[in-house]
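**Q** Here it is: the structure, laid out below.
The values are calculated or read from the model by the stated rules, or taken from the named source; none is laboratory data. Everything numeric in this text was worked out from a predicted model, so none of it was measured. Here Cβ is always computed from backbone atoms with ideal geometry, including for glycine, and neighbour counts include all displayed protein chains. Surface areas here come from the heavy atoms of the whole protein model, side chains and all, with no ligands, DNA or RNA. Shrake-Rupley method; radii C 1.70, N 1.55, O 1.52, S 1.80 Å.
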Amino acid sequence: MTGETGAAAVGGPDRVAERGIFDCDDAYRTASHTDYERLFSSAIIVLDTNVLINLYRSNERTRRDTFAVLNQVQERIWIPHQVLSEFWRNRDLPSIRGHHKSKAREACSALDKVSRSTRDALDRWLKDVHLANDNEVSQYVKNSTNAISKIMAEVKQFIEGQATKDALEGTSSTLTDPVLQKLEQILQGRIGDPFSPDEYDALVSEAARRADEKIPPGYKDFESDKTSEQASGDYLIWEQILAEAERCKREVLLVTGDVKEDWWVSGNGQGAARPRTELRVELRKRAGVELYMLTPSQLLAEADRVFGLKVDERSVSDLATSENPGTRIRLPRRLAKEIPACLRRSHRRASEAVRVANTNPALYGTLMESAVLEGLNEVVLGMGGSTILLRSKAHPVLDDRLLFPFRYAQHAASVDHALGYLNHKKSLRVLFNDLVERPEELPLFDLAQPDATIPGLIAPVSSDLEIVLIPYASDVDNGIHSAHWATLRIDTRKGIEWEYVESLYVPPNGDLGGVK
């Protein structure tokens, strides 16, 4: 239907004249600094549970900067009662109030394990090469292990001191808890009403129904091992936000560190994440107002711009690292630049080998994977990284990131096609699961050693090791079709899923781009 007839059917020609490019449910307008100036002075600023809980987990500096921002926007803050309930339910967990001491114990335990592994490795070496009775060699080893033990003890002392500095005194009592004392002043009179028992039961049932239909928010929690009541938490918070916005008729700025897909549309490395369209539409229909969302780190950054609070950049960075695994695990810029070049070089090597040997083109895939792995090892070692031996092949490790390249197609195919490849390969699923669950059992090898199979020192992989996949598609005649880097999420029931995916630009084959 076109022309005036169509216009009349949807509100008449005057309405058409008013409609612009953003007048569509699926449209979104990126928030500007002017928007945040308006929101900080007029919107309902809703704090999610994780914003309050992070005040215990943060270091002293980040905690101070967060409170500075909350004090600045205090008049606009509103807390759903469900958030308050979740806060109190989680506050007394050892992982919350005792966060810094707990993490210090974990780090010190890992260092103790390193010391034992080092001592055992050297003792084993002395016996294997029959030098245990050589006084000179034994004394050198003893002096070395003592020096290592001394350094480890000093590091442990530093970690424990930092934990003491960042930990909060007085949290054992609600009368002396410094976080509660500050929050009480900020949140007094700014807490919503709880649901009645009947309302609560009905909404828990509604949350389950919505989860079955993948209606955000909260359906991801129903895929976990949480009880129905626990899994309903996000929807209960959302329902209270809807009711408050309907009552006040004011825009909503939700601050949350929950960056799952049932709250956000990911930018996938191409732009900022934004609220799910369904949430924006639901709020607009229910209350006639717009939804905006920020993570805690973004709140600090935007408030600093608007109010000039002099928030420490390290505080913004500290919060950002805890918000999204996808955005937390960034590739170093130099590495992201080198990977496409490495793929191009590897393709040239593999295709040239097929041509010179006049061999079966089907061998290109095997040659390509070997060339890519060898090339990445060289790149990473040149950047000060190391390698880990997996399935008898050395894989590069840089800044606690294990790089795992693989060719998943010989034609142009979506990166999601790589998921099918990974899940079809049972051996890879087992390997990745072992890396995630038992990283301490995997030794690091330095290829700079004369013989990589007999390292001079075996050190355990960090428990913070992140697997970074590099899926790519290529063929012998046309080169690289596409390349990405991605982090994965392993679900024992569903297999391997993407946690974060970002494309890597590989210049066309005709554009060498300096690749040699």
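**Q** Would you point out the residue of segment 399-417, among those that are hydrophobic (A, V, I, L, M, F, W, C), within 13 Å of LEU469 (Cα to Cα) and at pLDDT 85 or above, that is farthest from the chain's Cα centre (by Cα)?
**A** We begin by selecting, within segment 399-417, every residue hydrophobic (A, V, I, L, M, F, W, C); these are 402-404, 406, 409, 412-413, 415.
Right, trim to within 13 Å of LEU469 (Cα to Cα) and you get 402-404, 406, 415.
With the extra rule that they be at pLDDT 85 or above, the set shrinks to 402-404, 406.
Numbers: LEU402: 15, LEU403: 16, PHE404: 18, PHE406: 22 Å.
Restricting to residues being hydrophobic (A, V, I, L, M, F, W, C), within 13 Å of LEU469 (Cα to Cα) and at pLDDT 85 or above, the top hit is PHE406.
This table checks each residue for (1) farther than 21 Å from VAL501 by Cα; (2) open to solvent by 80 Å² or more (accessible area, probe 1.4 Å).
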position: ALA320; (1), (2): no, no
position: PRO332; (1), (2): no, no
position: ALA350; (1), (2): yes, no
position: PRO361; (1), (2): yes, no
position: LYS393; (1), (2): yes, yes
position: SER414; (1), (2): no, no
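**Q** I'd like to know if segment 206-217 contains one or more residues that are loosely packed, with under 14 Cβ neighbours inside 10 Å and part of a helix (DSSP H, G or I).
**A** In the first step, residues of segment 206-217 are kept if they are loosely packed, with under 14 Cβ neighbours inside 10 Å; the result is 209, 212-214.
Filter once more, keeping what is part of a helix (DSSP H, G or I): 209, 212.
Checked against the condition, which is being loosely packed, with under 14 Cβ neighbours inside 10 Å and part of a helix (DSSP H, G or I), segment 206-217 yields at least one hit.
**Q** Within segment 241-266, track down each residue that is farther than 23 Å from VAL69 by Cβ and more than 22 Å from the chain's Cα centre (by Cα). Before you say what the answer is, go through the steps one by one.
**A** Residues of segment 241-266 farther than 23 Å from VAL69 by Cβ: 242-243, 246-247, 249, 260-262, 265-266.
The answer is LEU242, ALA243, GLU246, ARG247, LYS249.
**Q** Here's a follow-up. Looking at segment 107-134, which of its residues are under 28 Å from THR164 (Cβ atoms) and touching a residue at least 40 places away in the same chain (Cβ under 8 Å)?
**A** Pass one, segment 107-134, residues under 28 Å from THR164 (Cβ atoms): 107-118.
Across segment 107-134, the qualifying residues are ALA107, CYS108, ALA110, LEU111, ASP112, LYS113, VAL114, SER117, THR118.
**Q** With the condition kept exactly as written, say whether any residue in segment 67-82 is more than 20 Å from LEU183 (Cβ to Cβ), part of a helix (DSSP H, G or I), open to solvent by 50 Å² or more (accessible area, probe 1.4 Å) and acidic (Asp, Glu).
**A** Taking every residue of segment 67-82 in turn, none turns out to be more than 20 Å from LEU183 (Cβ to Cβ), part of a helix (DSSP H, G or I), open to solvent by 50 Å² or more (accessible area, probe 1.4 Å) and acidic (Asp, Glu).
**Q** State yes or no: is ASP451 modelled with pLDDT under 85, within 23 Å of the chain's Cα centre (by Cα) and not β-branched (Val, Ile, Thr)? Steps first, answer last, please.
**A** Details: modelled with pLDDT under 85: yes; within 23 Å of the chain's Cα centre (by Cα): no; not β-branched (Val, Ile, Thr): yes.
In short, no.
**Q** Give me the pairs: first residue in segment 135-151 and open to solvent by less than 40 Å² (accessible area, probe 1.4 Å), second residue outside any helix (DSSP H, G or I), beta-carbon distance under 9 Å, and six or more apart or on different chains, which are they?
**A** Close Cβ pairs satisfying both conditions: VAL137/VAL129; VAL137/LEU131; SER138/LEU131; SER138/ALA132; VAL141/LEU131.
**Q** Let me ask something else. If I filter segment 46-66 down to residues being acidic (Asp, Glu) and part of a helix (DSSP H, G or I), which single residue comes out as modelled with the lowest pLDDT?
**A** Our first condition is that a residue be acidic (Asp, Glu); within segment 46-66, this holds for 48, 60, 65.
Cutting the leftovers down to part of a helix (DSSP H, G or I) gives us 60, 65.
Working: GLU60: 88, ASP65: 93.
Taking the candidates together, the pick is GLU60.
**Q** Still on this structure: When segment 89-108 is examined, which residues are found to be more than 10 Å from ILE53 (Cβ to Cβ) and open to solvent by less than 50 Å² (accessible area, probe 1.4 Å)?
**A** Passing the criteria: GLY98, HIS100, SER102, ALA104, ALA107, CYS108.
**Q** Quick one: in segment 363-378, of everything that is farther than 27 Å from GLU466 by Cβ and surrounded by 20 or more Cβ atoms within 10 Å (Cβ to Cβ), which residue is farthest from the chain's Cα centre (by Cα)? So that I can check it myself, show each step before the final result.
**A** Going through segment 363-378, the residues farther than 27 Å from GLU466 by Cβ turn out to be 363-364, 366-367.
Of the ones still in play, those that are also surrounded by 20 or more Cβ atoms within 10 Å (Cβ to Cβ) are 364, 367.
Working: TYR364: 35, LEU367: 33 Å.
Residue satisfying both the conditions and the ranking: TYR364.
**Q** Still on this structure: Which of the residues that make up segment 218-229 are in a loop (DSSP other than H, G, I, E, B) and either closer than 23 Å to VAL281 by Cα or touching a Cys at 6+ places or on another chain (Cβ under 7 Å) (or both)? Spell out the reasoning first.
**A** First pass over segment 218-229, keeping only residues in a loop (DSSP other than H, G, I, E, B): 218-220, 224-227.
Of everything in segment 218-229, those that are in a loop (DSSP other than H, G, I, E, B) and either closer than 23 Å to VAL281 by Cα or touching a Cys at 6+ places or on another chain (Cβ under 7 Å) (or both) turn out to be GLY218, TYR219, LYS220.
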